[in-house]
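In what follows, a single structure is set out as structure tokens and then discussed.
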Amino acid sequence: MNDNWEEKLRSFDFRNSSIEEIEYFFSKAILGHTRPTINLSFEGLFRARIITGTNESDLQTTKSIWYPNFKEIGEVHHRLNRCSDKGQNFFYSSNYLGAVIKELAPSNMDLVMIGIFHKKYPQIKMRSQYAGIEALKANPKENLELKDYRYACQKDKLIEQFISSKFQERVEKGEEYKYKPRSALSNILLKNEEINCLIYPSVASDLKSTNYGIKAQFVDEFLYCRSTYIYKIKRDGREFELIPERYGKRIILNKREPKNSKIEWEEIPKEDKEQTRKYYL
């Protein structure tokens, strides 16, 4: 970063600039920057979706818990997201159920669908970048490979601090333009075709859990949804109670198109609905 980086940062118009313009602005500033990557082996990534009011016919395949395919969705429904531009297909997930519930922030009595994704083949590893190294280092059980990481130079540390600040910024309703810098940085970090995932701390979980943002193409080629559940949310202030409603008794795998695997739903017996899960913001 050059000496007047902070001054340029303060004067840059993030609200009215396109993600492409922001990406170009960042790319010049972090030219030559180095950062750690990992060949990640993983199992059991969670995705969550609010399905309150959704037609039953739209919940019959695992496509209903896949990433939204914006090519099939009208532009009026396209939104800026945490790491992706409007209309950009991207897979958001976590290795912790509580994290995806907190990120989703459902309302009281909402219905939420959960999908758990696994690798098609045991040998698959996912080349990944980090965004939020210091926060991730604070959770060594999940990110042991970062324990002894040292920055190559002070510039690398300063750039990582800036990237972390953008990925850890809370965005309130009506402030979605603040996603733009993060989306631009995500594009830069995922520019290399060999990098398929961003690992970053969950803001909704106070940086205690880990999120995984994965390129859509990698998901389509190498993942499948093995388990599905539907919960009713009982929310009281900062507490989420998950009441089990249904589960996918069997998922009939479509080997050619895993996203179109058929779900055979079954109701949770009344006596088992008392086995709830609770999470707190």
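What distance in nm lies between label points placed 7 Å from Cα along the C-beta direction at Gln88 and Glu264?
Taking the simple label geometry, Gln88 and Glu264 are separated by 4.1 nm.
Run through the DSSP bridge list for the chain and note the antiparallel percent, rounded to the nearest 5.
Values: 49 of 52 bridges.
Just about 95 percent of them are antiparallel.
Considering the chain as a Gaussian network with a 10 Å cut-off on Cα pairs, which listed residue, Arg246, Arg35, Arg170, attains the greatest mean-square fluctuation?
Looking only at Arg246, Arg35, Arg170, the largest GNM fluctuation is found for Arg170.
Evaluate E = 1/(1 + (r/R0)^6) for Ala138 and Ala29, where r is the Cβ-Cβ distance and R0 equals 25 Å; express this FRET efficiency to the nearest 0.05. Spell out each step's value before the answer.
On the way: r = 26 Å, r/R0 = 1.06.
E between Ala138 and Ala29, to the nearest 0.05, is 0.40.
Can you tell me the dipole magnitude for the range 205-265 around its Cα centre, using point charges on the Cβ only (Lys, Arg +1; Asp, Glu -1), in Debye to the nearest 20?
Numbers: 14 positive and 9 negative charges, 50 e Å.
For this selection, approximately 240 debye.
Going 7 Å from the Cα of Tyr121 toward and past its Cβ, which residues in the range 177-206 have a backbone nitrogen under 12 Å from where you end up?
none
Could you state the angle between the C-alpha long axis of helix 154-167 and the longest principal axis of the C-alpha atoms of the chain, as a value from 0 to 90 degrees rounded to the nearest 10?
Approximately 40 degrees, to the nearest 10.
Can you give me the distance in nm between label points at Ser18 and Val171, each placed 7 Å from the Cα along the Cα-to-Cβ direction?
The two pseudo-label positions are separated by 1.8 nm.
Determine the calculated [θ] at 222 nm for the chain from helices alone, applying -39500 (n - 2.57) to every DSSP H run no shorter than 4 residues and normalising by the residue count; nearest 500 deg cm²/dmol.
Values: 7 runs with 63 residues, N = 281.
The helix contribution divided over the chain gives -6500 deg cm²/dmol.
Suppose the chain between Ile252 and Glu221 were pulled fully straight at 0.36 nm per residue; how much longer would it get relative to their current alpha carbon spacing?
Values: separation 31, 0.36 × 31 = 11.16 nm, distance 1.75 nm.
The Ile252-Glu221 span can extend by a further 9.4 nm.
Would you tell me the accessible area of Glu21, worked out with a 1.4 angstrom probe on the heavy atoms of the protein chains, in Å² to the nearest 10?
It works out to around 100 Å².
What FRET efficiency do you get for Ile195 and Gln275 if R0 is 45 Å and r is their Cβ-Cβ distance, rounded to the nearest 0.05? Let's see the in-between values first.
Details: r = 40 Å, r/R0 = 0.88.
The pair Ile195/Gln275 has a calculated efficiency of 0.70.
Please check: in the Gaussian network model of the chain (C-alpha springs, under 10 Å), which one of His77, His118, His33 has the largest mean-square fluctuation.
Residue with maximal mean-square fluctuation among His77, His118, His33: His77.
Using a 10 angstrom cutoff on alpha carbons, build the Gaussian network for the chain and name the most mobile of Ile22, Ile73, Ile163.
Looking only at Ile22, Ile73, Ile163, the largest GNM fluctuation is found for Ile73.
Suppose every Lys and Arg Cβ carries +1 and every Asp and Glu Cβ carries -1, with no other charges. What dipole size does the range 18-166 come out with about its Cα centre, to the nearest 20 debye?
On the way: 21 positive and 17 negative charges, 99 e Å.
For this selection, approximately 480 debye.
Quote the accessible area belonging to Arg277 in square angstrom, nearest 10, computed with a 1.4 Å probe and with ligands, DNA and RNA left uncounted.
Accessible surface of Arg277 is approximately 110 Å².
Given points 7 Å out from each Cα along the Cα-Cβ axis, report the Leu158 to Ser107 separation in nanometres with one decimal.
4.6 nm
Translational diffusion coefficient, Stokes-Einstein: compute it for the range 175-239 using the Kirkwood radius over C-alpha pairs as Rh, at 10 °C and 1.306 mPa s, and state it as an integer in µm² s⁻¹. Walk me through the intermediate numbers first.
Details: Rh = 14.9 Å.
Result for D is 107 µm²/s.
Among the listed pairs Lys215/Lys262; Lys63/Lys155; Lys71/Lys157, which are separated by more than 32 Å between their Cα atoms?
On the way: Lys215/Lys262 23 Å; Lys63/Lys155 43 Å; Lys71/Lys157 38 Å.
Beyond 32 Å between Cα atoms: Lys63/Lys155; Lys71/Lys157.
Taking just the alpha-carbon atoms of the chain, what radius of gyration and Dmax come out, in angstrom?
19.6, 65
The values are calculated or read from the model by the stated rules, or taken from the named source; none is laboratory data. It should be emphasised that the depicted structure is a prediction, and the values quoted were computed from it without experimental measurement. Counting neighbours? That spans all protein chains shown, and the Cβs are built from the backbone with ideal geometry, glycine included. With ligands, DNA and RNA removed, areas are computed over all heavy atoms of the protein, side chains included. Shrake-Rupley method; radii C 1.70, N 1.55, O 1.52, S 1.80 Å.
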